[in-house]
Amino acid sequence: MKRLKVWIEAIRLRTLPVSVSGVVIAIAMAVWFGEERWVPAVLCLLFAILAQVVSNLANEYYDFLRGADKKGRVGPRRGVTEGDIKPTTLRNVTFATLVAACAVGCGLLFYGEWWLLIVGVVIAVFALAYSAGPYPLSYHGLGEAAVFVFFGLVPVNFTYYVQAGHFDAFALLASIAIGFMGVNVLLVNNYRDMEDDIDAGKHTSVVIFGRPLAATAYLINGFVAIFILSPVWLRLMLMGAWWGVAPAVVYLIIHLSCWAQLKSKSGAALNPLLGGTARAMLIFTVLFAVALVCSSYFCTAATTTEWWR
């Protein structure tokens, strides 16, 4: 049981909503427009989860090699640093998971053009490049940019594409919103670890710009995520689905609570907030997906999909 707990900590289960959210939103959008295809949708979900697990495991392994993680760190326990996982075992599991992700990704080639292979290769490379290679992104203030692209823009737009066979303006708006929410999860992590990162020579955005600006960015990101979806909220209300704006209201309430905690806590006290920020993103995702799907069945919903195009 203890060994299982160690591996659950290594894959960082509480952060997985970051990868799941974009795919779920894209599936809900496809249902809304009557263009859902369940096999590629499920493949996208599996690929997204596996890709994030690869990134999380690689982050732990390469941070260990660089000496960025130390015993008794402020953040959650790191199994390889504490001696619970052998470094070679963690490395082998990381690359085995990468192979599994690539295998799942190859299945998506049956539902799109050949260039999807290039997209998959780029995703695989950046899953490792976040922490590894000659210029690890997380060590040079580019972690948030990577999250925005690979947990926001990529999963939403391409999950929608393999179902519908085309891209969509609505998907783009949703991908931007999910990207900003995902960035906030990483901001909490880097906000908490600022002193440890400074000692390790890790130049995250929080190290570069400081905690006050990071807290402000956290607050703004949440509001931008909701604001960017304004055309969606308006459309839902025009269709009579006034209750469709509930996801925005609920998310902002939770977001403001999380922001208040971010400003008032420090050190290990911020650990629950990491999961709380990811949980806020997941709650929004579920409510938004339900709103879209329900409106497709109970309103005049997607009767005018041309409105988007």
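The values are calculated or read from the model by the stated rules, or taken from the named source; none is laboratory data. Since the model is a prediction, treat every value here as computed from it, not as a measurement. Here Cβ is always computed from backbone atoms with ideal geometry, including for glycine, and neighbour counts include all displayed protein chains. Side chains included, ligands, DNA and RNA excluded: accessible areas come from the protein's heavy atoms. Shrake-Rupley method; radii C 1.70, N 1.55, O 1.52, S 1.80 Å.
Positive end of the dipole of the chain (Cβ unit charges, origin at the Cα centre): among Ala100, Ile118, Val149, the Cα lying farthest that way belongs to Ala100.
For the range 117-223, what D do you get in µm² per second when you plug the Kirkwood radius from alpha-carbon pairs into Stokes-Einstein at 4 °C and 1.567 mPa s? Translational D for this selection: 88 µm²/s. At the residue level, Arg91 shows approximately 90 square angstrom of accessible surface with a 1.4 angstrom probe and all protein chains present. Annotation for the range 1-36 versus the range 240-254: alpha-carbon center distance of 21 Å.
The angle between the Cα long axis of helix 38-66 and the longest principal axis of the Cα atoms of the chain comes to about 20 degrees, rounded to the nearest 10.
Dividing the summed -39500 (n - 2.57) terms of all DSSP H runs of n ≥ 4 by the residue count of the chain sets its mean residue ellipticity at 222 nm at -23000 deg cm²/dmol. Note on Glu35: accessible area approximately 50 square angstrom, rounded to 10, probe 1.4 Å, nucleic acids and ligands left out.
The chain: longest stretch without exposed chymotrypsin sites (Phe, Trp or Tyr not before Pro) (DSSP loop, at most 11 other Cβ within 10 Å), sites themselves excluded? Within the chain, the longest run free of exposed chymotrypsin sites (Phe, Trp or Tyr not before Pro) spans 116-309.
Averaged per residue, the range 125-253 has 38 square angstrom of accessible surface, using a 1.4 angstrom probe with ligands and nucleic acids left out.
Counting protein heavy atoms only, the chain has 71 percent of its accessible area on carbon and sulfur, 1.4 angstrom probe.
A 1.4 Å probe, protein heavy atoms only, puts the accessible area of Lys5 near 120 Å².
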